[in-house]
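What follows is a single structure, written as C-alpha cells, with notes after it.
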Amino acid sequence: MVDLWDSLPDPVREAVGRHLGPVGSAAAVDGGRNNDLTAVVYGEDGPVFVKAVRGVSMRMRWLRNEVTAGTLAAGIAPAVAFAKDVTADDDWLIVGFEYLPGRSADLTPGSADLPTVGRTLDRLGGLPAPGVAGLHQRWTVRDWWSRLCEIAPDVVSGWDVEVMDRWTARAPEAVAGDRLVHTDLHGDQFVIGAGESIHVIDWGWPAAGAEWVDSAFMIIRLVEAGHSPRDAEAWAATRACWTVADDALTAFAAFVAGLWTYRAVTGGPGASATRARVARRYARWRLAD
C-alpha cells in the first residue's frame with residue numbers, strides 16, 4: 001500500500017472501501033492539477049480508476065461532468081462504478097471509473113489509429129446532450145484578439161485584430177447545437193485497448209454543440225501531430241458528422257486561436273504556448289485559403 005492511500009482522510013478511504021471492498025493497493029497516476037487523487041485502486045474485484053477532488057470548486061464541477069458523460073456517452077466514456085460526496089476535513093467528491101488499460105492514439109500522418117479515431121468521432125457526433133449547457137453559452141467573449149493586443153501586442157503583431165474579432169464574434173452562433181461534444185480531444189484522450197477497443201476519457205468540459213465541433217478541434221490536434229492544415233481538414237471532411245459551412249469553420253478557428261493564445265499568455269486553464277501557436281497557424285491558413 002502506498003503512502004498516497006494512507007494519507008487520505010478516513011471518511012474518504014471508508015467511502016471507497018464501501019464500494020470496492022478491502023483495498024489491497026493503490027497506485028498513483030499523473031492527474032495534473034485537476035484532481036487531489038488520481039489512482040488505480042485495487043479492490044476485491046480488481047482495479048478501479050479513482051479520481052477525487054477536495055473542496056467545492058470548478059475542479060469539482062469538472063469531475064461531476066465526467067460522471068454525467070459516463071451516462072451520455074455510454075460505451076465511449078469510461079463507465080462510472082460509483083460517485084460519492086463525502087465530508088471529511090473538507091467536502092470531497094470521489095468517483096470510481098472502470099479501469100481501461102491501453103495506449104494513447106497516434107495521430108501522426110499515416111498512423112493506423114486514424115481510422116479508429118475517425119469512427120469514434122462519427123459515434124460522438126450522433127450523441128444528444130440533454131441537460132448539458134451549450135458551448136455557445138460558454139463562448140461569450142467576442143474580442144479575444146483585442147484583449148491580446150492590449151496585454152501581448154507582440155503575439156498578435158502582423159494580425160488584423162479587427163478582422164479576427166469580427167470572425168471571433170461569429171463563433172458562438174456557429175457552434176450552437178444539441179449534440180454532445182467533448183471540446184478537449186487529443187491523442188491522449190483516446191485509450192486504445194485490447195482488440196483495438198477505444199474509449200474517450202477526461203470529460204471535464206463537455207458541452208452541447210454542433211455535431212462537427214469535436215472534429216474541428218481534432219484538425220488543430222492533427223496539425224500539431226504533423227499534418228498540414230489542408231490534409232487535416234481533408235481527414236475531418238470524411239467524418240459522417242462533418243456538416244460545417246466554410247464561414248462557420250473560419251469563425252471557429254479564429255475563436256479557438258484567440259482563446260488558446262489568451263490562455264497561453266495569461267496562464268489560464270489548459271495553457272500551452274505550443275498548442276496556441278498551432279491554433280494560430282491553422283487560423284491564418286483558414287483566412288488565407
Legend entry - Carbon plus sulfur fraction of accessible area for the chain, probe 1.4 Å, in percent: 49
Inset, instruction - Could you compute the FRET efficiency for F82 and Q137, with r as their C-beta to C-beta distance and R0 at 25 Å, rounded to 0.05? - result: 0.25
Legend entry - Globularity ratio of segment 194-287, using Cα Rg and 2.2 N^0.38 Å: 1.12
Inset, instruction - Please state the charge dipole magnitude for segment 39-190, taken about the Cα centre, from unit charges on C-beta atoms (+1 on K and R, -1 on D and E), reported in debye and rounded to the nearest 20. - result: 300
Legend entry - Scaled radius of gyration (Cα, divided by 2.2 N^0.38 Å) that segment 166-229 gives: 1.27
Inset, instruction - Divide by every residue of the chain the summed helix terms, -39500 (n - 2.57) for each DSSP H run of at least 4, and state the resulting mean residue ellipticity at 222 nm, rounded to the nearest 500 deg cm²/dmol. - result: -13500 deg cm²/dmol
Legend entry - Lys/Arg +1, Asp/Glu -1 at C-beta; the chain dipole; positive extreme among A216, A15, F252: F252
Inset, instruction - Among (1) 150; (2) 133; (3) 201, find the value of volume of the Cα convex hull per residue in Å³ that was calculated from the structure presented, and write down its label. - result: (2)
Legend entry - segment 149-289, relative contact order in percent, only Cα pairs under 8 angstrom and at least six apart counted: 24
Inset, instruction - Please work out the ratio of the alpha-carbon Rg of segment 66-170 to 2.2 N^0.38 Å and round it to two decimals. - result: 1.59
Legend entry - Which of I220, I201 is most accessible, then next, and so on - probe 1.4 Å: I201, I220
Inset, instruction - Can you work out the accessible area per residue across segment 114-199, with the rest of the protein chains kept in place, probe 1.4 Å, in square angstrom? - result: 47
Inset, instruction - Pop out the ³J(HN,Hα) list for segment 34-43 in order, Karplus 6.51 cos²θ - 1.76 cosθ + 1.60 with θ = phi - 60°, rounded to Hz; leave Gly and Pro as x. - result: 7, 9, 8, 9, 9, 7, 8, 10, 9, x
Inset, instruction - Taking the Cα centre of segment 180-289 as origin, sum charge times position over the Cβ atoms of Lys and Arg (+1) and Asp and Glu (-1), and report the length of that vector in debye to the nearest 20. - result: 480
Inset, instruction - Using DSSP, restrict attention to beta bridges with both residues in the chain and report what percent are antiparallel, rounded to the nearest 5. - result: 95
Legend entry - Solvent exposure of segment 1-111 as accessible area per residue, Å², 1.4 Å probe: 49
Inset, instruction - Specify which residue in the list V80, M164, P128 is farthest towards the positive end of the charge dipole of the chain, using unit charges on the beta carbon of Lys, Arg (+1) and Asp, Glu (-1), about the Cα centre. - result: M164
Legend entry - Once the Cα gyration tensor of segment 92-131 is diagonalised, semi-axes √(5λ) in Å: 26, 19, 8
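The values are calculated or read from the model by the stated rules, or taken from the named source; none is laboratory data. All values derive from a computational prediction rather than experimental measurement. We place every Cβ from the backbone using ideal geometry, glycine too, and count neighbours over all the protein chains shown. Just so you know, the surface numbers come from the protein's heavy atoms only, side chains and all, with ligands and any DNA or RNA stripped out. Shrake-Rupley method; radii C 1.70, N 1.55, O 1.52, S 1.80 Å.
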